[in-house]
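S.K.: Quick one: the structure is below, questions incoming.
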Amino acid sequence: MQRVDGHDNQDAAIHAHWYGPFAVWSGGLGIWGAIPFGVAAGAWVVRRSGNSIRLFMDAVAPGLLLAQGIGRWGNYWNQELYGKHTTLPWALEIHGKGAANEYHPTFLYEFTWDVLAVLALLWIDRRFTLRRPALFSLYVAFYTAFRTYEETLRIDPSSHFAGQRINFWVSLVCFVVSVAFFVWWQFLRTPSEERPQVKKARPIPKGPTMAVPRGRVRQRG
């Protein structure tokens, strides 16, 4: 099945329906759809509250990457989305014992990379002065850099283009765009002299206060 977020799985029957690309209930949720739409929803809420969307994006970047790494352990329990055959000591056994059933544990590779990238993001944010949302663009660059390589290992069913999996090209494009944006935004862009007007946060309505009737207060003698 090919969904609107570019994720593939083994069920192709959904193509028979016009709503096939949007039927996430038949195939879960791919990262290419979850992150953009999730961040967009969060940005809408933040904007309505009068806070900075750029700060919000940089604040959630490390947590998003860590969550993606933890989520990959679901592939281990489901024995899915593994890589090619390998004889490495850390090979993952799938559907049996022996060398013929040992594969690259791509879930473990991505988890390890994501954790290291989270530590790098936190260090960069503390060490350098960034123009928001530069950290978010680095998060995208870190993730897609490894995802591009990971797609060359995976053997689960997928559509191909020019000899590579579709998600290989999606990840590669996202990597190039995020790196280009970071370089332009952090080093080449000339900030405007006029400070943007910050929308005031909406006041939090206060409810009625609780008062104790005077006649019910006992006086100490």
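S.K.: Could you run through segment 64-100 and say how many residues are of a type outside the set (S, T, N, Q) and not in a helix (DSSP H, G or I)?
M.R.: Selection size over segment 64-100: 18.
S.K.: Additional query: Here are some conditions: (1) loosely packed, with under 10 Cβ neighbours inside 10 Å; (2) modelled with pLDDT of 90 or more; (3) within 30 Å of residue 48 (Cβ to Cβ). Residue 195 meets all but one. Which one does it not meet?
M.R.: Going through (1) loosely packed, with under 10 Cβ neighbours inside 10 Å; (2) modelled with pLDDT of 90 or more; (3) within 30 Å of residue 48 (Cβ to Cβ) one by one, residue 195 breaks only (2).
S.K.: Moving to a separate point now. It is to be established whether one or more residues within segment 49-63 are surrounded by 15 or more Cβ atoms within 10 Å (Cβ to Cβ), in contact with an Asp or Glu (Cβ under 7 Å, 6 or more places away or on another chain), of a type in the set (Phe, Trp, Tyr) and part of a helix (DSSP H, G or I).
M.R.: No, segment 49-63 contains no residue that is surrounded by 15 or more Cβ atoms within 10 Å (Cβ to Cβ), in contact with an Asp or Glu (Cβ under 7 Å, 6 or more places away or on another chain), of a type in the set (Phe, Trp, Tyr) and part of a helix (DSSP H, G or I).
S.K.: Same structure, new question: Read through the list (1) modelled with pLDDT under 95; (2) buried (at least 19 other Cβ atoms within 10 Å of the Cβ), then give the number of the only condition that residue 140 fails.
M.R.: The number of the failed condition is (1).
S.K.: Oh, and also: Scan (1) under 23 Å from residue 148 (Cα atoms); (2) surrounded by 13 or more Cβ atoms within 10 Å (Cβ to Cβ) for the single condition residue 101 breaks and write down its number.
M.R.: Failing condition for residue 101: (1).
S.K.: Exactly one condition in (1) surrounded by fewer than 20 Cβ atoms within 10 Å (Cβ to Cβ); (2) free of Cβ contacts under 8 Å to residues at least 60 places away in the same chain; (3) touching a Leu at 6+ places or on another chain (Cβ under 6 Å) is not met by residue 125; state its number.
M.R.: Answer for residue 125: the failing condition is (2).
The values are calculated or read from the model by the stated rules, or taken from the named source; none is laboratory data. Bear in mind the structure is a predicted one, so any value in this text is a computation, not a measurement. For neighbour counting, all protein chains shown are included, and Cβ atoms are generated from backbone atoms with ideal geometry for every residue, glycine included.
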